[in-house]
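Notes to accompany the following structure.
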Amino acid sequence: RPSFDWTPTPDLTHLMPTLDQNIFTSTLADKERLQLIERYPPIQGLSYVPPVALPQAARLFNRHQKAEENRLRTTQYALSAVFRPLDVLGHMLLPILPSEHMDRVFATINDIRALLLHTEGMLTAQRNHLALRAVNPSIQPQDGDREYTMTAEEFKDTVASHSALQKTLRDVRPSRNRFRPTSGTSSAPNSSFFRGGP
């Protein structure tokens, strides 16, 4: 697959000074971040607040699981703020962009949104797995289970099906007492079988 990299022009860097900043170490002060977000109105009816953990699982969290849940939810909340300026950008460009550039520009904006949604979904999948492990530590995540929310019914069904499977495996597992010799029968090997001679 052909690929290439590119260097931002001085004009672009002047207009977007964050291009010079490290992607993984640059942070904003809380006040600065809030001021930036408030510049862009939210979409009516769209929730930017991630859902809380299921009470059925939250009450079983130990200290480390509770801290992990809080970190994941905080990350989701911080990431959701990116949608506000991104969506406003699309709204601003729609009436002024020349028609010959419309498809290409909005395809790029939609790709950005798709990657953001994917990352939010991955975080929710991690939170769902954390909730399930709080009930049963042996539960493993399933491929493709990347929901934005997990309903109480989904949670209970997953736990119930996994518990039923474990019970079935325990029931079919051979008992330790099944092959023990009965009383009065010697478990020692037949000495004549192991004798070296007649």
Being assigned to a loop (DSSP other than H, G, I, E, B), open to solvent by less than 90 Å² (accessible area, probe 1.4 Å) and touching a Lys or Arg at 6+ places or on another chain (Cβ under 8 Å) narrows PRO85, PRO8, PRO41 down to just PRO41
Cβ pairs under 7 Å, 6+ apart or interchain, first in the range 76-103 and farther than 12 Å from PRO41 by Cα, second outside any helix (DSSP H, G or I), ordered by first then second residue, are GLN76/PRO50; TYR77/VAL49; TYR77/PRO50; SER80/TYR48; SER80/PRO50
Any chance LEU86 is modelled with pLDDT of 95 or more, under 27 Å from THR108 (Cα atoms) and over 24 Å from the mean Cα position of the chain (by Cα):
no
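Yes or no, residue by residue, for (1) in contact with a Ser or Thr (Cβ under 7 Å, 6 or more places away or on another chain); (2) closer than 18 Å to THR75 by Cα; (3) at pLDDT 75 or above; (4) open to solvent by 60 Å² or more (accessible area, probe 1.4 Å):
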{"site": "HIS101", "(1), (2), (3), (4)": "no, no, yes, yes"}
{"site": "ALA107", "(1), (2), (3), (4)": "no, no, yes, no"}
{"site": "HIS118", "(1), (2), (3), (4)": "no, yes, yes, yes"}
{"site": "GLY121", "(1), (2), (3), (4)": "no, yes, yes, no"}
{"site": "SER138", "(1), (2), (3), (4)": "no, no, yes, no"}
{"site": "TYR148", "(1), (2), (3), (4)": "yes, yes, no, yes"}
{"site": "THR158", "(1), (2), (3), (4)": "no, no, yes, no"}
{"site": "ARG173", "(1), (2), (3), (4)": "no, no, no, yes"}
Of GLU32, GLU68, the only residue that is part of a helix (DSSP H, G or I) and exposed (fewer than 13 other Cβ atoms within 10 Å of the Cβ) is GLU32
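The values are calculated or read from the model by the stated rules, or taken from the named source; none is laboratory data. A quick note: this is a predicted structure, and the numbers were derived from the prediction, not measured. Cβ: placed from backbone, ideal geometry, glycine included. Neighbour counts: every protein chain shown. For accessibility, only protein heavy atoms count, side chains too; no ligands or nucleic acids. Shrake-Rupley method; radii C 1.70, N 1.55, O 1.52, S 1.80 Å.
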